[in-house]
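Reviewing the structure listed below.
The values are calculated or read from the model by the stated rules, or taken from the named source; none is laboratory data. The structure displayed is predicted, hence computed values, not measured ones. Cβ placement follows ideal geometry from the backbone for every residue including glycine, while neighbour counts extend to all protein chains displayed. SASA here: full protein model, heavy atoms, side chains in, ligands and nucleic acids out. Shrake-Rupley method; radii C 1.70, N 1.55, O 1.52, S 1.80 Å.
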Amino acid sequence: MEKLERKLTTYGLTMIAIGSCIGSGIFITPAETVKQIPHYGYALIPWVLGGIATFLGAITFSELGSRFPKAGGVYVYLKEAFGPLVGFLYGWIILLIVNTGALAALGFAFADFLNFFVDVGNGGKQMVAVVTILSLSLINIRGVGVSQSIVSVFTGLKLIALFLIILLGAYFLLGDSTNLQNGVHIEQPPDLMSGILLAFVGVFWSFGGWHHATYLSGEAINPQKTVTKAMLIGTMTVTIAYILVIISYMGLTPMAQMMMSERIAGDAVANVISGGGKLVALAITISIFGTIAIYTMSA
(Lines give C-alpha, C1' and ligand atoms only; values in the text may rest on other atoms or scores of the structure.)
Protein backbone atom coordinates (compact mmCIF):
# COMPACT_ATOMS: atom_id res chain seq x y z
CA MET A 1 0.00 0.00 0.00
CA GLU A 2 1.44 3.36 -1.02
CA LYS A 3 2.06 5.74 1.89
CA LEU A 4 1.44 9.48 1.90
CA GLU A 5 4.60 11.56 1.62
CA ARG A 6 5.26 13.92 4.51
CA LYS A 7 6.28 17.08 2.65
CA LEU A 8 4.12 19.81 4.19
CA THR A 9 6.18 22.30 6.18
CA THR A 10 4.96 24.56 9.00
CA TYR A 11 4.93 27.48 6.57
CA GLY A 12 2.98 25.55 3.95
CA LEU A 13 0.38 24.27 6.42
CA THR A 14 0.04 27.76 7.96
CA MET A 15 -0.68 29.21 4.52
CA ILE A 16 -3.32 26.50 4.04
CA ALA A 17 -4.96 27.38 7.37
CA ILE A 18 -4.96 31.09 6.46
CA GLY A 19 -5.96 30.62 2.85
CA SER A 20 -8.89 28.34 3.68
CA CYS A 21 -10.33 31.10 5.93
CA ILE A 22 -9.86 34.02 3.57
CA GLY A 23 -12.29 33.62 0.69
CA SER A 24 -14.76 36.32 -0.28
CA GLY A 25 -16.33 36.84 3.17
CA ILE A 26 -14.06 39.57 4.52
CA PHE A 27 -14.56 41.56 1.30
CA ILE A 28 -18.37 41.54 1.66
CA THR A 29 -19.67 40.49 5.11
CA PRO A 30 -18.54 43.50 7.26
CA ALA A 31 -21.24 45.64 5.60
CA GLU A 32 -23.90 43.18 6.79
CA THR A 33 -22.42 43.37 10.30
CA VAL A 34 -22.81 47.15 10.35
CA LYS A 35 -26.35 46.78 9.01
CA GLN A 36 -27.19 44.55 11.97
CA ILE A 37 -25.23 46.74 14.43
CA PRO A 38 -25.32 50.39 13.26
CA HIS A 39 -22.35 51.52 15.34
CA TYR A 40 -18.71 51.38 14.21
CA GLY A 41 -17.48 50.48 17.68
CA TYR A 42 -19.97 47.78 18.64
CA ALA A 43 -19.89 46.31 15.13
CA LEU A 44 -16.38 45.04 15.86
CA ILE A 45 -17.59 42.92 18.81
CA PRO A 46 -18.82 39.90 16.78
CA TRP A 47 -15.56 39.88 14.81
CA VAL A 48 -13.47 39.89 17.99
CA LEU A 49 -15.63 37.14 19.50
CA GLY A 50 -15.46 35.22 16.23
CA GLY A 51 -11.69 35.41 16.31
CA ILE A 52 -11.60 34.20 19.93
CA ALA A 53 -13.94 31.29 19.12
CA THR A 54 -11.82 30.38 16.10
CA PHE A 55 -8.64 30.48 18.18
CA LEU A 56 -10.20 28.24 20.85
CA GLY A 57 -11.28 25.83 18.13
CA ALA A 58 -7.74 25.84 16.75
CA ILE A 59 -6.35 25.01 20.22
CA THR A 60 -8.75 22.06 20.48
CA PHE A 61 -7.94 20.77 17.02
CA SER A 62 -4.24 21.27 17.64
CA GLU A 63 -4.38 18.87 20.57
CA LEU A 64 -6.36 16.36 18.49
CA GLY A 65 -3.92 16.75 15.62
CA SER A 66 -1.03 16.00 17.94
CA ARG A 67 -2.71 12.88 19.32
CA PHE A 68 -3.91 11.57 15.95
CA PRO A 69 -1.44 12.76 13.27
CA LYS A 70 -3.25 11.03 10.42
CA ALA A 71 -4.77 12.22 7.15
CA GLY A 72 -8.47 12.96 7.46
CA GLY A 73 -8.72 15.54 10.23
CA VAL A 74 -12.25 15.71 11.62
CA TYR A 75 -13.04 12.26 10.19
CA VAL A 76 -10.23 10.73 12.27
CA TYR A 77 -11.23 12.60 15.44
CA LEU A 78 -14.89 11.56 15.18
CA LYS A 79 -13.93 7.98 14.43
CA GLU A 80 -11.64 7.81 17.45
CA ALA A 81 -14.16 9.51 19.75
CA PHE A 82 -17.46 7.98 18.67
CA GLY A 83 -16.60 4.91 16.62
CA PRO A 84 -16.25 3.97 12.94
CA LEU A 85 -19.93 4.49 12.01
CA VAL A 86 -19.87 8.20 12.92
CA GLY A 87 -16.56 8.65 11.07
CA PHE A 88 -17.93 6.77 8.07
CA LEU A 89 -21.08 8.93 7.90
CA TYR A 90 -19.10 12.15 8.30
CA GLY A 91 -16.71 11.09 5.54
CA TRP A 92 -19.52 10.54 3.06
CA ILE A 93 -21.30 13.76 4.05
CA ILE A 94 -18.08 15.70 3.43
CA LEU A 95 -17.57 13.97 0.08
CA LEU A 96 -21.13 14.24 -1.27
CA ILE A 97 -22.52 17.39 0.38
CA VAL A 98 -20.24 19.69 2.37
CA ASN A 99 -17.04 19.90 0.32
CA THR A 100 -18.86 19.28 -2.93
CA GLY A 101 -21.38 22.05 -2.25
CA ALA A 102 -18.67 24.44 -1.06
CA LEU A 103 -16.57 23.82 -4.17
CA ALA A 104 -19.59 24.32 -6.44
CA ALA A 105 -20.44 27.61 -4.70
CA LEU A 106 -16.83 28.77 -4.86
CA GLY A 107 -16.60 27.79 -8.52
CA PHE A 108 -19.65 29.88 -9.43
CA ALA A 109 -18.43 32.79 -7.28
CA PHE A 110 -15.06 32.66 -9.08
CA ALA A 111 -16.81 32.70 -12.47
CA ASP A 112 -19.02 35.57 -11.33
CA PHE A 113 -16.08 37.79 -10.34
CA LEU A 114 -14.10 36.71 -13.40
CA ASN A 115 -16.95 38.18 -15.42
CA PHE A 116 -15.69 41.64 -14.37
CA PHE A 117 -12.68 41.14 -16.65
CA VAL A 118 -13.71 38.53 -19.22
CA ASP A 119 -17.24 38.32 -20.55
CA VAL A 120 -18.03 34.65 -20.02
CA GLY A 121 -21.80 35.17 -20.10
CA ASN A 122 -24.35 33.39 -17.92
CA GLY A 123 -23.99 30.16 -19.89
CA GLY A 124 -20.21 30.24 -19.63
CA LYS A 125 -20.13 30.57 -15.83
CA GLN A 126 -20.98 26.92 -15.30
CA MET A 127 -18.23 25.85 -17.71
CA VAL A 128 -15.69 28.14 -16.01
CA ALA A 129 -16.62 26.69 -12.60
CA VAL A 130 -16.33 23.09 -13.81
CA VAL A 131 -13.02 23.64 -15.63
CA THR A 132 -11.52 25.47 -12.64
CA ILE A 133 -12.43 22.75 -10.13
CA LEU A 134 -11.37 19.97 -12.50
CA SER A 135 -8.05 21.64 -13.36
CA LEU A 136 -7.10 22.25 -9.74
CA SER A 137 -8.13 18.69 -8.82
CA LEU A 138 -5.84 17.30 -11.51
CA ILE A 139 -2.98 19.53 -10.32
CA ASN A 140 -3.46 18.38 -6.71
CA ILE A 141 -3.34 14.74 -7.80
CA ARG A 142 0.32 15.29 -8.73
CA GLY A 143 1.25 15.48 -5.07
CA VAL A 144 1.30 17.64 -1.99
CA GLY A 145 4.58 19.31 -2.97
CA VAL A 146 3.04 20.94 -6.04
CA SER A 147 -0.14 21.80 -4.15
CA GLN A 148 1.82 23.42 -1.32
CA SER A 149 3.58 25.75 -3.75
CA ILE A 150 0.33 26.83 -5.45
CA VAL A 151 -1.45 27.43 -2.16
CA SER A 152 1.47 29.43 -0.74
CA VAL A 153 1.48 31.74 -3.78
CA PHE A 154 -2.25 32.44 -3.77
CA THR A 155 -2.52 32.80 0.01
CA GLY A 156 0.41 35.22 -0.17
CA LEU A 157 -1.51 37.26 -2.75
CA LYS A 158 -4.57 37.29 -0.49
CA LEU A 159 -2.53 38.62 2.43
CA ILE A 160 -0.91 41.27 0.23
CA ALA A 161 -4.38 42.45 -0.90
CA LEU A 162 -5.58 42.73 2.71
CA PHE A 163 -2.34 44.45 3.75
CA LEU A 164 -2.77 47.06 1.00
CA ILE A 165 -6.35 47.77 2.15
CA ILE A 166 -5.05 48.18 5.72
CA LEU A 167 -2.31 50.57 4.55
CA LEU A 168 -4.81 52.54 2.48
CA GLY A 169 -7.15 52.84 5.45
CA ALA A 170 -4.34 53.86 7.81
CA TYR A 171 -3.10 56.51 5.37
CA PHE A 172 -6.49 58.18 4.98
CA LEU A 173 -7.40 57.80 8.66
CA LEU A 174 -4.29 59.79 9.60
CA GLY A 175 -5.52 62.60 7.37
CA ASP A 176 -9.27 62.41 7.96
CA SER A 177 -10.97 60.19 10.54
CA THR A 178 -14.41 61.79 10.14
CA ASN A 179 -16.15 58.63 8.95
CA LEU A 180 -14.81 56.58 11.86
CA GLN A 181 -15.58 59.25 14.46
CA ASN A 182 -19.11 59.77 13.18
CA GLY A 183 -19.70 56.03 13.28
CA VAL A 184 -18.51 55.74 16.89
CA HIS A 185 -20.03 58.87 18.44
CA ILE A 186 -23.64 57.74 18.20
CA GLU A 187 -25.98 56.07 20.66
CA GLN A 188 -25.68 52.37 21.45
CA PRO A 189 -28.01 50.31 19.22
CA PRO A 190 -31.16 49.34 21.17
CA ASP A 191 -31.03 45.66 20.17
CA LEU A 192 -27.28 45.17 20.55
CA MET A 193 -27.37 41.53 21.67
CA SER A 194 -29.80 40.58 18.90
CA GLY A 195 -27.60 42.36 16.35
CA ILE A 196 -24.46 40.57 17.57
CA LEU A 197 -26.14 37.16 17.33
CA LEU A 198 -27.45 37.85 13.82
CA ALA A 199 -24.06 39.19 12.72
CA PHE A 200 -22.39 35.98 13.90
CA VAL A 201 -23.84 34.09 10.93
CA GLY A 202 -21.68 36.03 8.47
CA VAL A 203 -18.75 36.28 10.87
CA PHE A 204 -18.45 32.51 11.34
CA TRP A 205 -18.80 32.03 7.59
CA SER A 206 -15.89 34.42 7.05
CA PHE A 207 -13.72 32.66 9.68
CA GLY A 208 -14.64 29.13 8.60
CA GLY A 209 -12.27 26.77 6.83
CA TRP A 210 -9.15 26.79 9.02
CA HIS A 211 -9.78 23.16 10.04
CA HIS A 212 -8.89 22.05 6.49
CA ALA A 213 -5.29 22.07 7.66
CA THR A 214 -6.06 19.07 9.88
CA TYR A 215 -7.11 16.96 6.89
CA LEU A 216 -3.49 17.08 5.76
CA SER A 217 -1.86 15.90 8.99
CA GLY A 218 -0.81 12.68 7.29
CA GLU A 219 1.30 14.65 4.80
CA ALA A 220 2.89 17.09 7.26
CA ILE A 221 6.49 16.94 8.47
CA ASN A 222 6.47 16.27 12.23
CA PRO A 223 2.66 16.75 12.46
CA GLN A 224 2.65 16.84 16.28
CA LYS A 225 4.30 20.27 16.09
CA THR A 226 3.50 21.41 12.54
CA VAL A 227 -0.30 21.14 12.78
CA THR A 228 -0.39 22.94 16.14
CA LYS A 229 1.80 25.84 15.01
CA ALA A 230 0.02 26.18 11.67
CA MET A 231 -3.48 26.46 13.10
CA LEU A 232 -2.59 28.77 15.99
CA ILE A 233 -0.49 31.12 13.85
CA GLY A 234 -3.04 30.93 11.04
CA THR A 235 -6.11 31.80 13.14
CA MET A 236 -4.28 34.62 14.96
CA THR A 237 -3.10 36.10 11.66
CA VAL A 238 -6.58 35.97 10.14
CA THR A 239 -8.22 37.54 13.21
CA ILE A 240 -5.76 40.46 13.36
CA ALA A 241 -5.98 41.02 9.60
CA TYR A 242 -9.79 40.97 9.65
CA ILE A 243 -10.09 43.51 12.48
CA LEU A 244 -7.63 45.92 10.82
CA VAL A 245 -9.31 45.56 7.41
CA ILE A 246 -12.76 46.27 8.88
CA ILE A 247 -11.44 49.39 10.64
CA SER A 248 -10.05 50.48 7.27
CA TYR A 249 -13.47 50.01 5.66
CA MET A 250 -15.00 52.12 8.43
CA GLY A 251 -12.44 54.86 7.97
CA LEU A 252 -12.95 54.99 4.20
CA THR A 253 -16.75 54.70 4.17
CA PRO A 254 -19.62 56.69 5.75
CA MET A 255 -21.89 54.44 7.80
CA ALA A 256 -24.93 55.04 5.59
CA GLN A 257 -23.00 53.84 2.53
CA MET A 258 -21.49 50.86 4.35
CA MET A 259 -24.91 49.66 5.55
CA MET A 260 -26.22 49.62 1.97
CA SER A 261 -23.10 48.22 0.33
CA GLU A 262 -23.12 44.77 -1.30
CA ARG A 263 -19.37 44.82 -2.02
CA ILE A 264 -17.92 46.89 0.78
CA ALA A 265 -14.25 46.30 -0.06
CA GLY A 266 -14.73 47.60 -3.61
CA ASP A 267 -16.87 50.54 -2.47
CA ALA A 268 -14.41 51.52 0.28
CA VAL A 269 -11.38 51.51 -2.04
CA ALA A 270 -13.35 53.20 -4.84
CA ASN A 271 -14.09 56.10 -2.46
CA VAL A 272 -10.42 57.09 -2.50
CA ILE A 273 -8.97 55.49 -5.65
CA SER A 274 -10.41 55.70 -9.15
CA GLY A 275 -11.03 52.18 -10.43
CA GLY A 276 -10.61 50.78 -6.93
CA GLY A 277 -13.66 48.57 -7.37
CA LYS A 278 -12.02 46.62 -10.17
CA LEU A 279 -8.80 46.23 -8.21
CA VAL A 280 -10.74 44.71 -5.33
CA ALA A 281 -12.71 42.49 -7.73
CA LEU A 282 -9.34 41.16 -8.97
CA ALA A 283 -8.25 40.52 -5.38
CA ILE A 284 -11.47 38.62 -4.63
CA THR A 285 -11.11 36.58 -7.83
CA ILE A 286 -7.58 35.57 -6.82
CA SER A 287 -8.74 34.88 -3.26
CA ILE A 288 -11.56 32.56 -4.35
CA PHE A 289 -9.28 30.73 -6.78
CA GLY A 290 -6.80 30.12 -3.95
CA THR A 291 -9.57 28.80 -1.70
CA ILE A 292 -10.72 26.38 -4.41
CA ALA A 293 -7.11 25.17 -4.66
CA ILE A 294 -7.05 24.45 -0.92
CA TYR A 295 -10.46 22.76 -0.83
CA THR A 296 -9.57 20.43 -3.72
CA MET A 297 -6.25 19.73 -2.00
CA SER A 298 -7.76 18.86 1.39
CA ALA A 299 -10.55 16.83 -0.24
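Just the number, please: Stokes-Einstein D of the chain in µm²/s, Kirkwood Rh from C-alpha pairs, 25 °C, 0.890 mPa s. Walk me through the intermediate numbers first.
Numbers: Rh = 20.0 Å.
Approximately 123 µm²/s, per Stokes-Einstein.
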Expected unfolding gain across residue 66-residue 222 under the 0.36 nm per residue rule, minus the alpha-carbon gap, is 55.2 nm
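Could you look at the chain and say what percent of its accessible area is carbon and sulfur, using a 1.4 Å probe and all protein chains?
Working: 9810 of 14300 Å².
Within the chain, the accessible surface is 69 percent carbon and sulfur.
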Going 7 Å from the Cα of residue 186 in the Cα-to-Cβ direction, what parts of the range 14-39 have a backbone nitrogen less than 11 Å from that spot? 34-39
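May I ask you to rank 11, 77, 171 by accessible area, largest first, using a 1.4 Å probe over the protein chains only? Walk me through the numbers before you get to the answer.
Working: 11 140, 77 20, 171 160 Å².
Listed by decreasing accessible area, they come as 171, 11, 77.
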Lys/Arg Cβ at +1, Asp/Glu Cβ at -1, dipole of the range 149-275 taken about the Cα centre: which of 237, 202, 182 is farthest positive-ward? 237
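Compute the whole-percent fraction of alpha carbon pairs in the range 236-299 spaced more than 14 Å apart. Display every interim value, and only then the final one.
Numbers: 1320 of 2016 pairs.
The share of Cα pairs beyond 14 Å in the range 236-299 comes to 65 percent.
Can you give the net charge of the other residues whose Cβ lies under 14 Å from the Cβ of residue 63, counting K and R as +1 and D and E as -1? Please report the intermediate quantities before stating the final value.
Values: positive: 67, 225, 229; negative: 80.
It works out to a net charge of +2.
Cβ under 11 Å from residue 217's Cβ, residue 217 left aside: what net charge do those residues give with Lys, Arg +1 and Asp, Glu -1?
Working: positive: 6, 67, 70; negative: 219.
So the surrounding residues net to +2.
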In degrees, nearest ten, helix 144-175 long axis to first principal axis of the chain (Cα): 10
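Tell me, what are the semi-axes, in whole angstrom and largest first, of the equivalent ellipsoid of the range 9-118 as set by the roots of 5 times the Cα gyration tensor eigenvalues?
30, 21, 15
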The set of residues whose placed amide H lies less than 5 Å from the amide H of residue 8, leaving out same-chain residues fewer than 5 positions away, is 220, 221
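Compute the Rg to Rh ratio over the range 61-128 from the alpha carbon atoms, using the Kirkwood formula for Rh, and round to two decimal places. Let's see the in-between values first.
Values: Rg = 17.8 Å, Rh = 14.3 Å.
Rg/Rh: 1.24.
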Report, in degrees rounded to the nearest 10, the 0 to 90 angle that the Cα long axis of helix 99-114 makes with the longest principal axis of the chain. 40
Packing-based order for 157-166, 119-128, 237-246, 184-193, using average beta carbon neighbours within 10 Å, highest first: 237-246, 157-166, 119-128, 184-193
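Send over a whole-number figure in Å² for the accessible area per residue of the chain, probe 1.4 Å. Spell out each step's value before the answer.
Details: 14300 Å² over 299 residues.
Heavy-atom SASA per residue in the chain reads 48 Å².
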Among 35/229; 7/79; 70/278; 79/225; 7/278, which pairs are too far apart, with a Cα-Cα distance over 32 Å? 35/229; 70/278; 7/278
Principal axes of the range 30-186: Cα extent on each, largest first, Å: 57, 44, 30
Where does each of 67-74, 94-101 land if you order them by average Cβ count within 10 Å, highest first? 67-74, 94-101
Computed [θ] at 222 nm, deg cm²/dmol, the chain (DSSP H ≥ 4; -39,500 (n - 2.57); rounded to nearest 500): -25000 deg cm²/dmol
